[in-house]
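Take a look at the structure below.
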Amino acid sequence: MTNLLQTSPNDLNNKTTCKSDKTAFLDISNLLAGYHNKEIVHGISFSVNAGEFVCIIGANGCGKTTALKTILGLLKPFGGSICVNGTNTIKLTQKQLARHFAYIPQAHAAPFPFKVADVVLLGRTPYINSIARVSEHDREIALNALYQLDIADLAERTYTHLSGGQQQLVLIARALTQEPDVLVMDEPTASLDFGNQQTVLSRMRSLVDAGTSVLMVTHDPGHAFYCADRVLVMHEGLIIANGSAHDVITTECLQTIYGTKVKVTEVELEEGGKTSVCIPLR
């Protein structure tokens, strides 16, 4: 990650101490954020706990991506606090931030035809100084990440020759190699077809079940129903709902945030149980 937050505590009206909560890896308190002098995020507060999958949904321009960029340190907050693992991020260097957060983008265009193993090894950058070599320990962590996602057979393949779904799984493996507290994703399946979307989300859900924490922005409420433990609904820079997908993703909520007719309804599953789906209406 580059251009991470490098401000002193005196630059912001923030608290430099964080509440002690061993279950919460990420605590956001009264976060104000935006670009230049324009405030887009108006004092939001939420947490991401250990081994929890949290989705943020909302319309374009509501502040989802601005909030993510501020949490990652790519934007300087106007106010409030961002605490990870009990430490305010304004106290952290770039390398320290990169050990806490790993970012998975929508897509990645590699400038050179790297091997998959080399792309994944880049996740060890926060732990290696400019004159050190990659150690066997680093290679072992990268290989374990590939096995964890069931893509170890791709290690010697050229990254640019892979399918979109395979490339996204490689980026997730690279993020895991950082050994972060929280995986942060902004529309990670936006460029994938339906099948690859489900593959990526299923692997992410498995990682969370194994103890990884995930914060993901998505435009698709169906993704939240599929994989989220908790959903944050953003509207005009505010969080207007925070709870389980089935509690907060309602017909009324979606019509409010997207300004279109939609119906949320339950469907029976062949293997038993129920889930909810969102149906657009004419």
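Observations on the model:
- Here residue 5 fulfils each of the conditions (1) closer than 30 Å to residue 165 by Cα; (2) outside any strand (DSSP E or B); (3) at pLDDT below 90 apart from (1).
- Listed conditions (1) modelled with pLDDT under 90; (2) among the small types (Gly, Ala, Ser); (3) under 18 Å from residue 141 (Cα atoms) are all met by residue 155, apart from (1).
- Unmet requirement for residue 269, which otherwise passes all of (1) surrounded by fewer than 15 Cβ atoms within 10 Å (Cβ to Cβ); (2) touching a residue at least 24 places away in the same chain (Cβ under 8 Å): (2)
- Taking the criterion of being at pLDDT 90 or above, within 13 Å of the chain's Cα centre (by Cα) and either farther than 22 Å from residue 65 by Cβ or outside any helix (DSSP H, G or I) (or both), the residues of the stretch 194-229 that qualify are 205, 213, 214, 215, 216, 217, 218, 228.
- In the stretch 179-209, residue surrounded by the most Cβ atoms within 10 Å (Cβ to Cβ) [restricted to those that are in contact (Cβ under 8 Å) with a residue 40 or more places away in the chain and within 16 Å of residue 150 (Cα to Cα)]: 204
- Across the stretch 8-60, the qualifying residues are those that are acidic (Asp, Glu) and over 30 Å from residue 246 (Cβ atoms), and the one among them that is modelled with the lowest pLDDT is 11.
- Counting only residues that are free of Cβ contacts under 8 Å to residues at least 60 places away in the same chain and more than 19 Å from residue 61 (Cβ to Cβ), the stretch 213-260 holds 11 of them.
The values are calculated or read from the model by the stated rules, or taken from the named source; none is laboratory data. Keep in mind the model is a prediction, meaning the values are calculated, not measured. Neighbour counts are summed over all protein chains in view; Cβ atoms, including those assigned to glycine, are modelled from backbone coordinates with ideal geometry.
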